[in-house]
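Beneath this line is the structure, given in structure tokens, with notes to follow.
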Amino acid sequence: MIVKKRGNSISQQKLEAILRRIPISHSKRSKVEDDLKMCISGIKGEQSLDYYLNFLDQWNFYIFQSLRIEGENGAFQLDFLIITYGFLLIIETKNYIGEIIIDEKYNQLIKMYKDKEEIYPDPIRQVIHQKYQLNNWLSKNKFPQIPIKTLVVFTNQNSIIKTVATSPIYYENIIRPTMLIGKINSMSQSHNRDIISNPVIKKLNKTLLKAHSPLIEDKVKKFELNSEDIIKGVICPKCENIMKREYGRWHCQKCDTVSKDAHIQAIKDYTLLFDQNFSNSEISEFLNLSSRSTYNLLAKINLKSTGTYKGRRYFLDLSSMEN
């Protein structure tokens, strides 16, 4: 049973908003595009496991997709957390392409692809640390001691995995997707299914859902962009030209597209790039509209707001855009 579904990645939406809003010739564009490719690749890797996990008994396995929890010493992100009656399972996915060498001695993963070498953290050490953080979180929230298992799944079929390691954990815990169900079934057979009771599972599911806190990173700051780099206005959904407001609708003078609600994406872009809280004057400047016209549009969208008149501020919750 899927308890928490994977939402639309806020990081991906932020990167896409930047690419919509900076010129084609901008010096930072290639870096943003590279980040977006990595983000999409990671999501595709996670999604590829959904097919296999569908074969699990929905009444005995409770699945959390893309779970992020704030711990005492920082947040930790789990691609998958599976709760069973005998243990918890953390699954870390890697969607790398090329030749992959996992070096235990130096705690690193080396990726070789198209004559380019890149270094990443050791994925086994990564899931071991996630296990440590989850254990601490369970203890803090007064849950009983529960066995926690870990797996690293390399999802890309076009990767060659090599391991420079002596520890058995590297050979036991690094697998391909086709091995996943067999591995989980083997774990289930070696663990007593009565360790966790139904009431504890229900409480744990509820507490984890409440604890989920999606990462909201300032991408504009990360790429050292400023407000002058960002293209303002309502963007045509068809040709990406800036539209004009005419007779109560948006009109693209380049491709002749007409829209009644193209401003909604523009408001989302502002929220993704700058601030979840904004005033009428701030968003009207971004939309290239008068304050009166903007006020009427905001009233129709029915956003959350605080204050009155000139002191009113509107709010669009980014976490709600994850789903």
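The values are calculated or read from the model by the stated rules, or taken from the named source; none is laboratory data. Nothing here was measured: the structure is a model prediction, and the numbers come from that model. All Cβ positions, glycine included, derive from the backbone under ideal geometry; neighbour counts span all protein chains shown.
With respect to Ile63, is the statement that it is in contact (Cβ under 8 Å) with a residue 24 or more places away in the chain, in the same structural domain as Gly7 (by TED's automatic domain parsing), assigned to a helix (DSSP H, G or I) and among the β-branched types (Val, Ile, Thr) true? Against the criterion (in contact (Cβ under 8 Å) with a residue 24 or more places away in the chain, in the same structural domain as Gly7 (by TED's automatic domain parsing), assigned to a helix (DSSP H, G or I) and among the β-branched types (Val, Ile, Thr)), Ile63 does not qualify. Among all positions in the stretch 301-317, there is no residue which is closer than 30 Å to Gly71 by Cβ, among the hydroxyl-bearing types (Ser, Thr, Tyr) and not assigned by TED's automatic domain parsing to the domain that holds Phe76.
Ile10 fulfils the conditions (1) at pLDDT 95 or above; (2) surrounded by 18 or more Cβ atoms within 10 Å (Cβ to Cβ) except for a single criterion, (1). Screening the candidates Tyr309, Tyr314 for the property of being among the aromatic types (Phe, Trp, Tyr) and in contact with a Ser or Thr (Cβ under 6 Å, 6 or more places away or on another chain) yields one hit, Tyr314. Set side by side, the residues Ile195, Ile169, Ile181, Ile174 differ, and just one is surrounded by 13 or more Cβ atoms within 10 Å (Cβ to Cβ), closer than 30 Å to Leu53 by Cα, more than 28 Å from the chain's Cα centre (by Cα) and not small (Gly, Ala, Ser), which is Ile195. Taking the conditions exactly as written (at pLDDT below 95, closer than 23 Å to Gln265 by Cβ and either of a type in the set (Phe, Trp, Tyr) or in the same structural domain as Trp137 (by TED's automatic domain parsing) (or both)), does Ile18 satisfy them or not? Criteria not met by Ile18.
If we keep just the residues of the stretch 21-59 that are within 21 Å of the chain's Cα centre (by Cα) and of a type in the set (Val, Ile, Thr), which is modelled with the highest pLDDT? The extreme case among them is Val32. Among the criteria (1) hydroxyl-bearing (Ser, Thr, Tyr); (2) part of a helix (DSSP H, G or I); (3) surrounded by fewer than 18 Cβ atoms within 10 Å (Cβ to Cβ), the one Thr271 does not fulfil is (3).
All of Asn241, Asn226, Asn277 fail the test of being under 30 Å from the mean Cα position of the chain (by Cα) and more than 21 Å from His26 (Cα to Cα), apart from Asn277. Here the stretch 1-43 is the region considered, the condition is being in contact (Cβ under 8 Å) with a residue 24 or more places away in the chain and basic (Lys, Arg), and the residue that is nearest to Thr93 (Cα to Cα) is Arg6.
Filtering Leu134, Leu109 for residues that are closer than 19 Å to Leu67 by Cα and hydrophobic (A, V, I, L, M, F, W, C) leaves a single hit, Leu134. When the residues of the stretch 244-260 are filtered to those that are loosely packed, with under 15 Cβ neighbours inside 10 Å and part of a loop (DSSP other than H, G, I, E, B), which remaining residue is farthest from the chain's Cα centre (by Cα)? Among those that are loosely packed, with under 15 Cβ neighbours inside 10 Å and part of a loop (DSSP other than H, G, I, E, B), it is Tyr247. If you go through the stretch 295-307 and keep only what is modelled with pLDDT of 85 or more and either in a loop (DSSP other than H, G, I, E, B) or touching a helix residue (DSSP H, G or I) at 6+ places or on another chain (Cβ under 9 Å) (or both), you end up with Tyr295, Leu297, Leu298, Ile301, Leu303, Ser305, Gly307.
Yes/no matrix, rows are residues, columns are (1) part of a helix (DSSP H, G or I); (2) of a type in the set (Val, Ile, Thr); (3) under 18 Å from Asn156 (Cα atoms):
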position	(1), (2), (3)
Gln13	yes, no, no
Ser25	no, no, no
Met38	yes, no, yes
Ser41	yes, no, yes
Lys44	yes, no, yes
Ser48	yes, no, yes
Tyr52	yes, no, yes
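Which of the strands (runs of 3 or more DSSP E) contained wholly in the stretch 80-168 include at least 3 residues that are closer than 23 Å to Lys206 by Cα? Ranges flagged: 88-94, 148-154. The number of residues in the stretch 213-232 being among the hydrophobic types (A, V, I, L, M, F, W, C) and on the phi > 0 side of the Ramachandran plot comes to 0.
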